[in-house]
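Reviewing the structure listed below.
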Amino acid sequence: MEIKIQQVETSKIDSIDFNNLSFGKVFTDHMLVCSYSNGEWESPEIIPYGPMTFEPSARVFHYGQAVFEGMKAYKDDQGDIFLFRPDESIKRLNISSERMAIPALPEEIFNEGLKKLLKIDTAWIKKGEGNSLYIRPFVIATEPAISASPSNDYKFIVICSPAQSYYAGEVRVVVADKFSRAASGGVGYAKAAGNYASQFYPTNLVQNEGYQQIIWTDANTHEYMEEAGTMNIFFRIGDKLITAPISDRILDGITRKSIIQLAKDSGIEVEVRGIKVSELKEAAKQGELKEIFGSGTAAVVNPIKGFKHKDFEYEIPEIASTYASFFKEKLINIQYNNSEDTYGWRVKI
Ligand code: COI
């Protein structure tokens, strides 16, 4: 597969303070762009990162026909670059695309395009745990036409952003009792752009009260906890780890499934089942709720300090050794090539 490359004349990397990055605000020198028209994906190209032009009538602006992925690249002490389970990302991108009536992207374009892009922008991937390059592949509907129907033209684009942590500071959450993120038969399992936009308003409301995120509950009863929108959610009750099963309302998180696997292989009892808000509150009252943490590519493993549900508030007491730090360390060691990867999750570029 041919990939045309147009390199920047001067890199902007020297103007970046890599010790002071806020998530997703700085982008590398290049991006990958691949167009779909006349029923097929064309050859991708790598061009300087920068503004692109689209007609105001492009369907994505009107109907949100757009999907995305989140991945990270890591660099080990030798300077080799690794991705974490990239096969899962392209699979999920196409699952999301199918739901949004977007044509599937050939895996070769995703894999080869990404490889070339990372090699060109390799200086942007800093060594050392905590440093990574966040990769944002996405597909948008570009056809200039505003009837409410699927686009005939698309662009698959990959942009990259050097990243440290996603959530800076402590995270406290509100368990949803009014708004919903997803409904059965809907698009909750897809990484569809609108799934995220629809959370902004309720999330703003809880942020005004001093919380950072919402744990979404099932839309029908608001009794079962599902996911946090930017993260899947795990609960530790006693020494048991519990997380909701994947459904058409919940994103099939790659970090989530890796943690479940690691838990099983580490002898941690893990239950993948519906978990009620009432069970969580009861466990909190009994002192059995030891941890809540979120998992995701951007967030990795993020401990949650406390939660609120209606007028019930709970702050989780500190404990010496947490599952959250156990899993985070295991994942990071695999991702940064610091430990053996018996699963074949780490892929060298
Ligand atoms: C990720 O973790 O990669 C996500 O897609 C969440 C995003 C909203 C930052």
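Can you tell me which residue within region 221-236, out of those that are farther than 16 Å from Thr203 by Cβ and of a type in the set (Ser, Thr, Tyr), is most open to solvent (accessible area, probe 1.4 Å)?
Tyr224
Within region 251-290, work out how many residues are under 14 Å from Met225 (Cβ atoms) and more than 19 Å from the chain's Cα centre (by Cα).
Matching residues across region 251-290 total 15.
Taking the options Lys290, Lys328, name whichever one is basic (Lys, Arg), without any contact (Cβ under 8 Å) to a residue 60 or more places away in the chain, buried (at least 18 other Cβ atoms within 10 Å of the Cβ) and within 16 Å of the ligand (Cβ to nearest atom).
Going through Lys290, Lys328 in turn, the sole match is Lys328.
Looking at the structure I just gave you, is Gly188 of a type in the set (Gly, Ala, Ser) and either surrounded by 14 or more Cβ atoms within 10 Å (Cβ to Cβ) or within 14 Å of the ligand (Cβ to nearest atom) (or both)?
yes
Consider region 140-170. How many of its residues are touching a strand residue (DSSP E or B) at 6+ places or on another chain (Cβ under 7 Å), within 14 Å of the ligand (Cβ to nearest atom) and of a type in the set (A, V, I, L, M)?
Residues meeting the conditions: 3.
Quick grid of which residues meet (1) open to solvent by less than 30 Å² (accessible area, probe 1.4 Å); (2) out of contact with any Leu (no Cβ under 8 Å at 6 or more places or on another chain):
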{"site": "Met1", "(1), (2)": "no, yes"}
{"site": "Gln7", "(1), (2)": "no, yes"}
{"site": "Phe27", "(1), (2)": "no, yes"}
{"site": "His30", "(1), (2)": "yes, no"}
{"site": "Arg59", "(1), (2)": "yes, yes"}
{"site": "Gly70", "(1), (2)": "yes, yes"}
{"site": "Ile81", "(1), (2)": "yes, no"}
{"site": "Glu88", "(1), (2)": "yes, yes"}
{"site": "Ser96", "(1), (2)": "yes, yes"}
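Taking Ile157, is it of a type in the set (Val, Ile, Thr), within 22 Å of Pro44 (Cβ to Cβ) and within 16 Å of the chain's Cα centre (by Cα)?
Taking the combined requirement at face value, the residue does not satisfy it.
The values are calculated or read from the model by the stated rules, or taken from the named source; none is laboratory data. Computed from a predicted structure; not experimentally measured. Heads up, the Cβs are rebuilt from the backbone with ideal geometry, glycines too, and the neighbour counts pull from every protein chain shown. To get the accessible areas, we keep the full protein, side chains included, count just its heavy atoms, and leave off ligands, DNA and RNA. Shrake-Rupley method; radii C 1.70, N 1.55, O 1.52, S 1.80 Å.
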